[in-house]
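Asker: My questions all concern the structure below.
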Amino acid sequence: MDLTGTRALVTGGGGGLGRHISLALAGAGADVAVTWLAREGGAARVCADVRALGRRAMALRLDVTDAAAIEAVVAEVAAAWGGLDILVNNAGRGRPVLPGESKPREVAYGDIAALTPELYDLLMAINTRGPFLLARAAAPFLRASGRGRIVTIGSTIGFAPRESGLAFAMAKAGAVPLTRYLAAVLAPEVLVNCVAPGLIEGTGLTGGASEAYIEDWRGKAVLGRTTRAEDVAAQVLAFCQGESATGQTVVVDAGIAFH
Ligand SMILES: NC(=O)c1ccc[n+]([C@@H]2O[C@H](COP(=O)([O-])OP(=O)(O)OC[C@H]3O[C@@H](n4cnc5c(N)ncnc54)[C@H](OP(=O)(O)O)[C@@H]3O)[C@@H](O)[C@H]2O)c1
């Protein structure tokens, strides 16, 4: 499918992976609205780069735990551009900051007691409920578009919990049934897929990771390296351009999940 003139919303589009996804879509002819939560500058830079590719761009603040804000942001983009064709559920966080606290709680992998109900619920709200509510809000516009697409960013963490712990793994695993559900109920107008990356170096999520941690991921991959953000973005783009795949989750992880 030719994406020229499509209108895309990329949540967390100013972040490390979101930037690559936004620019891949713009390079293929889409206008791109990106959302940000704390880092407005990243979103502004992506917008400038999208415009340099000749496409329209806008940046909007969005907390995906806020259901009303999700409705408002989707409606704002659709009103500004006369509709919406593509939703990329990219926003996510493995170590969120709890209300009233100033920095993320450090929870050791094996520390069951430290994974409190509040932290568990927040991880679910960001990484599973948010993508569902975005799809729910966008569905009428995507159905009307004729070129409707949803791509959600999962994670290999969703198949095998690692250091970021159980709740993040549960939340990311939710992207798989979410994708199958949406693909079924929004067919035939909207195609819905998921990309599950392995560790991507240098994003907000992994920027503070130690070299030993990253080396451990490299060692577990049959390709001997981490995942390139460009390759994840290329898979997102392929799902948006394709006309036959729906309900699928593709792992892009340099070969970790199967050994
Ligand atoms: N990096 C990896 O190794 C890796 C591996 C597998 C999957 N992923 C997934 O890839 C996606 C992008 O992550 P990334 O690695 O690019 O990290 P990142 O640079 O931190 O990007 C995360 C984005 O999500 C936004 N965000 C976080 N919490 C939010 C909330 N409550 N409401 C709205 N937006 C929120 C952030 O906004 P602000 O920056 O403005 O706060 C940021 O734009 C995530 O879904 C992540 O789980 C990453």
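The values are calculated or read from the model by the stated rules, or taken from the named source; none is laboratory data. Keep in mind the model is a prediction, meaning the values are calculated, not measured. Note that each Cβ is placed from the backbone with ideal geometry, even for glycine, and that neighbours are counted across all protein chains shown. For accessibility, only protein heavy atoms count, side chains too; no ligands or nucleic acids. Shrake-Rupley method; radii C 1.70, N 1.55, O 1.52, S 1.80 Å.
Asker: Looking at R136, R129, R143, R147, which one is closer than 20 Å to V185 by Cβ and touching a Ser or Thr at 6+ places or on another chain (Cβ under 7 Å)?
Answerer: Result: R147 is the single residue among R136, R129, R143, R147 that is closer than 20 Å to V185 by Cβ and touching a Ser or Thr at 6+ places or on another chain (Cβ under 7 Å).
Asker: Which members of the stretch 183-195 meet the condition of being without any contact (Cβ under 8 Å) to a residue 60 or more places away in the chain and surrounded by 17 or more Cβ atoms within 10 Å (Cβ to Cβ)?
Answerer: If the condition is that a residue be without any contact (Cβ under 8 Å) to a residue 60 or more places away in the chain and surrounded by 17 or more Cβ atoms within 10 Å (Cβ to Cβ), then L186, V190, L191, V192, N193, C194, V195 are the ones that fit.
Asker: Of the conditions (1) assigned to a helix (DSSP H, G or I); (2) crowded, with 20+ Cβ neighbours inside 10 Å; (3) small (G, A, S), A144 fails just one. Which one is it?
Answerer: Exception for A144: condition (2).
Asker: Here's a follow-up. In the stretch 1-89, which helices (runs of 4 or more DSSP H) lie fully inside it and hold 3 or more residues that are more than 8 Å from the ligand (Cβ to nearest atom), closer than 18 Å to C240 by Cβ and of a type outside the set (V, I, T)?
Answerer: Helices (runs of 4 or more DSSP H) meeting the threshold: 16-27.
Asker: Is it the case that V176 is touching a Cys at 6+ places or on another chain (Cβ under 7 Å) and assigned to a strand (DSSP E or B)?
Answerer: So V176 fails the test.
Asker: Of everything in the stretch 203-259, what is free of Cβ contacts under 8 Å to residues at least 60 places away in the same chain and either assigned to a strand (DSSP E or B) or among the acidic types (D, E) (or both)? Give them in sequence order.
Answerer: Listed by number, the residues that qualify are E211, E215, D216, T227, D231, V250, V252.
Residue by residue, here is whether (1) touching a Leu at 6+ places or on another chain (Cβ under 9 Å); (2) at pLDDT 95 or above holds:
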residue	(1), (2)
Y213	yes, no
V222	no, yes
S244	yes, yes
F258	no, no
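Asker: Look at the stretch 121-151 and say how many of its residues are away from the ligand (no atom under 15 Å from the Cβ) and not small (G, A, S).
Answerer: Residues in the stretch 121-151 being away from the ligand (no atom under 15 Å from the Cβ) and not small (G, A, S): 7 in total.
Asker: For the structure I just gave you, tell me whether A48 is of a type in the set (A, V, I, L, M, F, W, C) and open to solvent by 60 Å² or more (accessible area, probe 1.4 Å).
Answerer: No, not satisfied.
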